[in-house]
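K.L.:
Below you will find the structure I want to go over with you.
The values are calculated or read from the model by the stated rules, or taken from the named source; none is laboratory data. Please read all numbers here as calculations on a predicted model, not as lab measurements. Neighbour counts are summed over all protein chains in view; Cβ atoms, including those assigned to glycine, are modelled from backbone coordinates with ideal geometry.
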Amino acid sequence: MKNTNIFLIIVLMLVSFLNANSMLDNLRINGFVSQGYIYSQENDYLVKGSQGGSSELNELGFTLSKQLSPKLRVGFQLLSRDYGELGNNETKLDWAFADYRWKDYLGFRFGKVKTPLGLYNEGRDVDMLRPTVFLPQSVYDEAYRSYLVAYQGVGLYGSLPLMDYGDLEYNGFLGNMNLDKEDLPMRDLLDLANGLLSSLSPDQTTYIDMLCEDFHGASIFYNSPYYFRVGYSFFNFNGNAYTPNINIQSNIDLYGVFADPTDPTTYTPIQAPIKSYGNKPFELEVKIPNRRAISFEFQYENFTLATEYLQETLQVNTDINFPVNYYLAADSAIFNTDHVKFDELYDRDDEAFYVMASYTFFEKYTLSGIYDHIELKKQKQLALDANNKPFLADMLPSVPNKLDHRTDIGLGIKYDVNFNWTIKAEYHAVDGIYRAYSDLLEGVEEDTLEKDWSYMLTKVSFNF
Amino acid sequence: VKKVILGTVLLLMSVVCFAGDFIIIANKSVGESLISKADVKNIFLGKKSTWSDGSAINAVILKGGDVHISFLKTAVKKSKSQFNTFWKKAIFTGTGTPPQKFDNEKAMLDYVAKTPGAIGYVSANMIDDRVNIIKLN
């Protein structure tokens with residue numbers, strides 16, 4: 001919180017200075033702050049020690065925007081958040097872009113822009129935009145936020161009127177993304193990469209970084225005149241995790257040697273422990289070839305019903321591409337290979353679905369109910385066969401029941417004190433622990449987690 | 001003459017009112033005298049930003065009150081809470097600038113009267129000849 005406060009104080013001083021010098025005409029200044037409390041039973045959730053209660057649950061945002069002309073708007077938002085092990089109140093640039101709206105049916109955005117995915121992804125960090133403290137975590141997973149939340153690049157958008165039949169809204173984007181090493185996908189990846197690297201280079205401390213140079217997607221929504229909207233959205237993520245050059249040393253089983261590496265006919269099968277040496281970067285390719293959602297929202301007077309269905313595929317491939325010289329123990333022969341490739345190290349499919357209903361009564365009170373389910377549909381991982389040849393093994397049968405799904409049923413109430421203040425409280429009963437952040441809780445083994453557990457949340461939010 | 005004008009205004013009011021409790025008004029610069037319900041909704045949700053002559057639309061709203069709630073329910077098809085949430089989302093995701101708000105109908109009427117491209121709504125008894133009345137087709 002310390003860094004956040006200092007940074008925001010500087011920003012506020014800057015704003016005051018600009019305001020005093022009449023440089024803020026038409027400038028919009030908005031912000032929000034929220035503080036929550038979580039208490040869980042049977043398992044810790046999101047925050048280590050949440051079974052004893054924790055207030056490590058807050059968000060703080062500061063937004064500036066200015067309409068430079070009827071067609072051009074610029075702005076940015078600073079965001080600081082603490083979700084247990086995530087965020088830790090480091091202030092980050094949440095979004096910052098220029099929006100040029102050429103026509104109502106075609107506009108362009110340049111910069112860092114919130115990813116248009118499903119009904120709520122763009123506004124996922126702003127507490128007062130939703131009736132509950134957490135959005136349905138099967139689709140809007142907080143631990144996987146960094147690869148969902150924003151792209152850096154160019155987007156296009158527009159609204160196409162359909163006369164008396166409503167309108168079509170669309171978004172498309174192409175760009176790249178910064179990834180947070182503390183987020184769960186990165187931690188999973190680090191575990192995977194380090195496991196592989198430790199077998200190749202046991203004596204070295206490995207360092208791994210990750211880039212996503214290709215992130216693209218689109219969404220289209222039909223807004224009906226009859227109180228509902230329905231849409232489809234998807235994105236495709238292609239990232240690379242890599243190390244700087246590392247020395248590879250490993251005992252491996254060799255299947256054969258060439259007396260003359262340039263002559264394939266000189267190959268002789270053999271199986272013997274040998275040493276390998278190399279000095280090359282190590283790369284993992286991380287892909288989300290499919291993350292697609294079908295969304296439906298119905299709003300009539302004070303009642304809102306929202307439901308979404310999501311499919312996601314995660315693939316981690318490696319291309320261990322280092323021309324190494326393999327020496328037999330007696331150094332009697334040299335085997336050259338320039339390409340060792342495992343097509344897929346890890347391949348996982350998830351399906352998720354939720355229904356969220358809310359009803360506002362007496363203008364200020366909103367009662368909400370959620371049914372939220374996520375399920376592991378496929379999980380394959382690199383394994384070795386009897387001949388030590390790599391293959392992609394189906395790991396699903398060995399996954400314990402409590403680890404292959406999570407069903408969260410929640411009930412909550414929101415009290416809108418006024419336009420600026422909101423108070424929420426809710427209770428969730430959960431069956432299963434799949435993607436329930438256990439990796440975030442250092443020292444917690446999934447085997448030790450309870451299948452049936454629950455959590456309660458309260459949160460107070462202020463916005464201006 | 002005043003009686004004729006008043007009679008004309010009252011006649012128009014009977015045509016343009018949603019449930020008889022608000023009238024859509026626009027600055028004299030606005031060429032449109034007819035507008036569809038879909039366009040009204042799109043204007044106040046920021047999806048339609050220009051009039052048919054290409055000039056910019058400047059939509060304005062009331063902060064609260066019965067006229068505001070009635071307008072949102074009938075023309076925008078949203079509750080006050082849903083409308084506020086819609087625009088808060090636009091603010092905090094950078095995707096839009098909400099309509100300017102006014103404390104009362106008098107202030108809104110004055111603003112619409114003097115601001116080119118402006119569109120708003122007031123109750124029937126607030127109408128005067130400084131603004132155009134826009135009918136729904």
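Quick grid of which residues meet (1) part of a loop (DSSP other than H, G, I, E, B); (2) buried (at least 20 other Cβ atoms within 10 Å of the Cβ):
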| site | (1), (2) |
| --- | --- |
| B:Glu32 | yes, no |
| B:Val40 | no, yes |
| B:Ile61 | no, yes |
| B:Gly64 | yes, no |
| B:His68 | no, yes |
| B:Lys88 | no, no |
| B:Ile91 | no, yes |
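K.L.:
If you don't mind, there's one more thing I want to ask. Going by the structure shown, is A:Lys389 more than 30 Å from A:Asn420 (Cβ to Cβ), away from chain B (no Cβ under 14 Å), modelled with pLDDT of 80 or more and surrounded by fewer than 16 Cβ atoms within 10 Å (Cβ to Cβ)?
P.N.:
Numbers: more than 30 Å from A:Asn420 (Cβ to Cβ): yes; away from chain B (no Cβ under 14 Å): yes; modelled with pLDDT of 80 or more: no; surrounded by fewer than 16 Cβ atoms within 10 Å (Cβ to Cβ): yes.
Considered against the rule, which asks whether it is more than 30 Å from A:Asn420 (Cβ to Cβ), away from chain B (no Cβ under 14 Å), modelled with pLDDT of 80 or more and surrounded by fewer than 16 Cβ atoms within 10 Å (Cβ to Cβ), A:Lys389 comes out as no.
K.L.:
Pick from B:Lys48, B:Lys101: which is modelled with pLDDT of 90 or more, surrounded by 19 or more Cβ atoms within 10 Å (Cβ to Cβ) and within 14 Å of chain A (Cβ to nearest Cβ)? Explain how you work it out, then say what you get.
P.N.:
On the way: B:Lys101 fails: surrounded by 19 or more Cβ atoms within 10 Å (Cβ to Cβ).
Only one candidate qualifies: B:Lys48.
For (1) more than 10 Å from chain B (Cβ to nearest Cβ); (2) buried (at least 21 other Cβ atoms within 10 Å of the Cβ), each residue gets a yes or a no:
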| position | (1), (2) |
| --- | --- |
| A:Asp82 | yes, yes |
| A:Phe97 | no, yes |
| A:Lys103 | no, no |
| A:Phe108 | yes, no |
| A:Leu117 | yes, yes |
| A:Asp125 | no, yes |
| A:Gly158 | no, no |
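K.L.:
Hey, can you tell me all the residues within region A:207-242 that are out of contact with any Ser or Thr (no Cβ under 9 Å at 6 or more places or on another chain) and assigned to a loop (DSSP other than H, G, I, E, B)?
P.N.:
If the condition is that a residue be out of contact with any Ser or Thr (no Cβ under 9 Å at 6 or more places or on another chain) and assigned to a loop (DSSP other than H, G, I, E, B), then A:Ser224, A:Pro225, A:Tyr226, A:Tyr227 are the ones that fit.
K.L.:
Considering each of B:Lys41, B:Lys114 in turn, give the residue that is over 22 Å from A:Phe298 (Cα atoms) and of a type in the set (D, E, K, R).
P.N.:
B:Lys114
K.L.:
For region A:94-148, name all the residues that are among the aromatic types (Phe, Trp, Tyr), within 28 Å of A:Gly239 (Cα to Cα) and either under 14 Å from the mean Cα position of the chain (by Cα) or not in a strand (DSSP E or B) (or both). Let's see the steps before the verdict.
P.N.:
Step one: list which residues in region A:94-148 are among the aromatic types (Phe, Trp, Tyr), which gives A:95, A:97, A:100, A:102, A:105, A:108, A:110, A:120, A:134, A:140, A:144, A:147.
Filter once more, keeping what is within 28 Å of A:Gly239 (Cα to Cα): A:95, A:97, A:108, A:110, A:120, A:134, A:140, A:144, A:147.
Correct list: A:Tyr120, A:Phe134, A:Tyr140, A:Tyr144, A:Tyr147.
K.L.:
Scan A:Asn302, A:Asn317 and give me the residue that is modelled with pLDDT of 65 or more and over 24 Å from the mean Cα position of the chain (by Cα). Spell out the reasoning first.
P.N.:
Details: A:Asn317 fails: over 24 Å from the mean Cα position of the chain (by Cα).
None of the others qualify; the one that does is A:Asn302.
K.L.:
Regarding B:Thr95, is this residue within 30 Å of A:Gly75 (Cβ to Cβ), buried (at least 20 other Cβ atoms within 10 Å of the Cβ) and either at pLDDT below 95 or more than 9 Å from chain A (Cβ to nearest Cβ) (or both)?
P.N.:
Details: within 30 Å of A:Gly75 (Cβ to Cβ): yes; buried (at least 20 other Cβ atoms within 10 Å of the Cβ): yes; either at pLDDT below 95 or more than 9 Å from chain A (Cβ to nearest Cβ) (or both): yes.
Here the answer is yes, as B:Thr95 does meet what is asked.
K.L.:
Restricting to region A:66-80, name every residue that is touching a residue at least 12 places away in the same chain (Cβ under 8 Å), among the polar types (S, T, N, Q) and surrounded by fewer than 22 Cβ atoms within 10 Å (Cβ to Cβ).
P.N.:
Result: A:Gln67, single match.
K.L.:
Which residues, counting only those in region A:84-95, are buried (at least 20 other Cβ atoms within 10 Å of the Cβ) and within 12 Å of another protein chain (Cβ to nearest Cβ)?
P.N.:
Once the filter is applied, which keeps residues that are buried (at least 20 other Cβ atoms within 10 Å of the Cβ) and within 12 Å of another protein chain (Cβ to nearest Cβ), region A:84-95 yields A:Asp94, A:Trp95.
K.L.:
Something else: Under 6 Å between Cβ atoms, at least 6 apart or on separate chains: pull out the pairs that start in region A:86-111 with a residue that is touching a residue at least 40 places away in the same chain (Cβ under 8 Å) and end on any residue that is outside any strand (DSSP E or B) and β-branched (Val, Ile, Thr).
P.N.:
A:Asn89/A:Thr4; A:Thr91/A:Thr4
K.L.:
In region A:427-435, is there at least one residue being modelled with pLDDT of 80 or more, surrounded by 14 or more Cβ atoms within 10 Å (Cβ to Cβ) and on the phi > 0 side of the Ramachandran plot?
P.N.:
Yes - at least one qualifying residue is present in region A:427-435.
K.L.:
On the basis of being touching a residue at least 24 places away in the same chain (Cβ under 8 Å) and more than 11 Å from chain A (Cβ to nearest Cβ), does B:Ala107 make the cut? Lay out the reasoning, then the answer.
P.N.:
Values: touching a residue at least 24 places away in the same chain (Cβ under 8 Å): no; more than 11 Å from chain A (Cβ to nearest Cβ): yes.
Here the answer is no, as B:Ala107 does not meet what is asked.
K.L.:
Take A:Ser22 and tell me if it is assigned to a loop (DSSP other than H, G, I, E, B) and either touching a Pro at 6+ places or on another chain (Cβ under 8 Å) or at pLDDT below 85 (or both). Working first, answer last.
P.N.:
Numbers: assigned to a loop (DSSP other than H, G, I, E, B): yes; either touching a Pro at 6+ places or on another chain (Cβ under 8 Å) or at pLDDT below 85 (or both): yes.
Judged against the criteria, A:Ser22 is a match.
K.L.:
Got a sec? Which of A:Leu367, A:Leu457 is away from chain B (no Cβ under 14 Å), in a strand (DSSP E or B) and either at pLDDT 80 or above or under 26 Å from the mean Cα position of the chain (by Cα) (or both)? Working first, answer last.
P.N.:
Details: A:Leu367 fails: away from chain B (no Cβ under 14 Å).
It is A:Leu457.
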